[in-house]
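Working notes for the structure below.
Where a number appears in this text, it was derived from the coordinates with a stated rule and is not lab data. Bear in mind the structure is a predicted one, so any value in this text is a computation, not a measurement. Using ideal geometry, Cβ is built from the backbone for each residue, glycine included, and neighbour counts are taken over all protein chains shown.
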Amino acid sequence: MGMDGYLRFVLALIFVIALIGVFAVIFRRLGFGFPVNAIRPSGERRIGVVEVAPLDSRRKLVLVRRDDVEHLLVISPTTELVVESNIRDGVDFRQVLDETAARDETSGTGAEDQ
């Protein structure tokens, strides 16, 4: 195979890559593919991962925020578990404990009943 064979191969490769690019642009303009408007700028995002902490080699503790409400999850390869939900940002932990204790006392499910 001479130099003209290599040149022909390179030109064919460039042509095929350009053809793929043209079809990608056409399909994107027609609305196929990933919707670019679905990705919001970082200041406007409603959901995000706040923190991740490993529990052991297979499980992770993940704090997720959605609309200024946080949810604590345990994620493993086989299951997902919601540990706590509706965690409000900026709320004192002592206040939450007092509210939970008051709610448990009124419903009769306090620790003293066990």
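By its C-alpha gyration tensor, with a ≥ b ≥ c as the square roots of the eigenvalues, how is the stretch 41-109 shaped: rounded for a/c under 1.5, else prolate for a/b larger than b/c, else oblate? Oblate, because a/c is 1.5 or more while a/b does not exceed b/c. The residues packed around residue 61, meaning those with a beta-carbon under 11 Å from its beta-carbon, carry a net charge of -1 if Lys and Arg are +1 and Asp and Glu are -1.
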